[in-house]
Amino acid sequence: MKKYLLFICLSTLLFSSCRKKKDDPKPPVNETIITTSALGRIYSLNAHTWNVNWSTEEYYTNTEPAIFNNIVYIGKQNYYGPSYVVGYDLSTGKEVFKVFLEPSLRIRTSSSNLTVTDKYIFVHTEFNLVAIDRVQKQMVWKWTSEEGRGVRIIYSDDTVYADTGYFLYAINPHSGKTIWKSQGYVGSNHLVGNYKNLLYVSPISSDNEPLYAFDKQTGALKWKKSEANNATSVVLHENSLFVGTRQGDFYALDPLTGSTQWSIHLTDNEFNNAPCVTGNYVFIANSKTTYAIDIKARKVKWTYDIISPPNHIYSISDPVAANDKVYLKAGKLFAFDINTGLPEIISSPDTEEFYGTVPIIVIDSNKKIHCSWNSEMKSQY
């Protein structure tokens, strides 16, 4: 009888142990790349072997993804029903979050971004900014710009900032009420990060519009830079503001005054993407060439020409630097050695579907997240 009871106890313990191992989520995968395809599939790739950790089967086009608390959030433009925000477990790819929006709220993709906080997910649609309660999984408010245009958003110091292409707004994240509205400008949709109480707006979609800097607390215009007109999205690095232009120039600006620290004319082809920085290098690319610029020497370190198929030019994603590499997508995924420019070129796991232009996210060995657009995403492991 004692042997029988001992057997039952051991069996129960063994079964419980196995069940726990099976049911418990896997730890986060470090040195991982989150990327999307042109038609909307999401892939988690091993950053060393390029093997697929997991992928999704949904083909609706995507916003830029965001990671928070081990969940990959992304907005989906549903062609056959309402748009929605979905979240996938970072380790397994299992769907763990989904909220459908009102039918009239159509999420913009490719140029759209999600911002995720402890309480909210902020996403912009064609004409609105929407706040979703992340815990309750429901929409709590929507904000509509007076101009009736889509917006680009960032979140900082418990405030949402929205660029409509005509005005910059500060919005209360809890109520959706406007706090302030800036003076007017034309042609933007590239709102970028803040530096010492300044926000920067680059009017890439309009001809000959300057780069603007606004006071984050009041919305007052602090400076505008006409020399760097038609600027792409800027990147802040230490005491410099790096930006490319549609004229093919690259500038390093003083972020407080907008004065030029130094500049280089790189090409007659326009830049439409944000630069990225790692170590002593800043990287910027257009549809034809990727450039690595030595910040201290103020000159080009290396270039790499991107070859597109005949009668087709690939659109590219913003470059992202991590793991001593700089990554970008141009039909395929390129991983350049930051020192030499020698690339690894990775085809899409789906041979019939190339990589799209939505920027990638890289998680390095220190669990730090690297992404474009000066994002302030956090991952809490």
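The values are calculated or read from the model by the stated rules, or taken from the named source; none is laboratory data. Computed from a predicted structure; not experimentally measured. Please note: Cβ atoms are built from the backbone with ideal geometry, for glycine as well, and neighbour counts cover all protein chains shown.
Of all residues in segment 334-345, how many are assigned to a strand (DSSP E or B) and touching a Ser or Thr at 6+ places or on another chain (Cβ under 9 Å)?
Total satisfying the criteria: 3.
For segment 26-69, how many residues are within 18 Å of residue 336 (Cα to Cα), of a type in the set (Ser, Thr, Tyr) and touching a residue at least 60 places away in the same chain (Cβ under 8 Å)?
Number satisfying all stated conditions: 2.
Please work out which residue is surrounded by the most Cβ atoms within 10 Å (Cβ to Cβ), limiting yourself to segment 70-94 and to residues that are more than 16 Å from the chain's Cα centre (by Cα) and among the charged types (D, E, K, R).
Filtering first and then ranking leaves 89.
Considering only segment 329-336, I want to know if a residue exists there that is buried (at least 18 other Cβ atoms within 10 Å of the Cβ), at pLDDT 85 or above and in contact with a Leu (Cβ under 6 Å, 6 or more places away or on another chain).
The answer is yes; a qualifying residue exists.
Looking at this structure, is residue 236 surrounded by fewer than 22 Cβ atoms within 10 Å (Cβ to Cβ), in contact (Cβ under 8 Å) with a residue 60 or more places away in the chain and part of a strand (DSSP E or B)?
yes
When you go through (1) outside any loop (DSSP other than H, G, I, E, B); (2) at positive phi one by one for residue 93, which number turns out not to apply?
(1)
Output the number of residues of segment 290-303 satisfying the condition of being crowded, with 18+ Cβ neighbours inside 10 Å, over 14 Å from residue 243 (Cα atoms) and of a type in the set (Ser, Thr, Tyr).
1
Does residue 167 meet the test of being modelled with pLDDT under 85 and in contact with a Ser or Thr (Cβ under 9 Å, 6 or more places away or on another chain)? Outline the logic, then answer.
Working: modelled with pLDDT under 85: no; in contact with a Ser or Thr (Cβ under 9 Å, 6 or more places away or on another chain): yes.
Criteria not met by residue 167.
Taking the condition of a type in the set (Asp, Glu), surrounded by 18 or more Cβ atoms within 10 Å (Cβ to Cβ) and in contact (Cβ under 8 Å) with a residue 60 or more places away in the chain, does residue 163 pass?
The answer is no for residue 163.
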